[in-house]
Amino acid sequence: MVEVRVCIGTSCHLNGSYNVVQGIQQLVEEHALHDNIDLEAYFCMKQCECKGVSISVDGENFRIEPEKLNEFFEGKIMSKL
Ligand code: FES
């Protein structure tokens with residue numbers, strides 16, 4: 001099980017966290033990964049000063065731009081399965 005946490009705090013919300021959450025849910029659906037990915041929303045991961053949306057994968061923190069989600073999903077999430 002890969003733990004994925006997406007920040008939905010104010011700064012990340014303004015940078016597109018809603019789209020990131022929706023996008024991950026859609027990718028999980030497309031790849032039938034419900035039993036493999038544990039997705040949760042978090043409030044402020046204390047990285048607001050950076051561009052993009054904060055996301056952590058098994059405790060490793062990243063900042064991503066919503067339009068690069070597919071690339072991130074394959075490279076950082078699916079690669080752990
Ligand atoms: S609001 Fe997302 S890191 Fe602060």
| Which of the cysteines in the chain are isolated, no other cysteine C-beta under 4.7 Å? | C44, C48, C50
| Restricting the chain to trypsin sites (Lys or Arg not before Pro) in coil, as DSSP defines it, with at most 12 other Cβ within 10 Å | K46, K51
| said: At 222 nm, what value in deg cm²/dmol follows for the chain if DSSP H runs of at least 4 each add -39500 (n - 2.57) and the sum is divided by all its residues, to the nearest 500? | reply: -7500 deg cm²/dmol
| query | Between the helical axis of 17-30 and the dominant principal axis of the chain, each derived from Cα atoms, what acute angle in degrees is found, rounded to the nearest 10? | reply | 0 degrees
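How much of the calculated P(r) for the chain lies past 20 Å, in percent of all Cα pairs?
Values: 699 of 3240 pairs.
For the chain, the share of Cα pairs beyond 20 Å comes to 22 percent.
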| request: Take the alpha-carbon centre of the stretch 4-21, take the same for the stretch 49-81, and report the distance between them in whole Å. | output: 11 Å
| task | Please check which bits of the stretch 41-70 a label hung off H13 would reach, taking the label as a point 7 Å along Cα-to-C-beta and the cut-off as backbone N under 18 Å. | result | 41-50, 52-55, 66
| field | the stretch 2-80, relative contact order [Cα under 8 Å, separation at least 6], % | value | 41 percent
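Throughout, read-outs are computed from the coordinates displayed, never taken from laboratory work. Every value quoted in this text rests on a predicted model; they were computed, and no experiment measured them. Neighbour counts run over all protein chains shown; Cβ positions are idealised from the backbone, glycine included.
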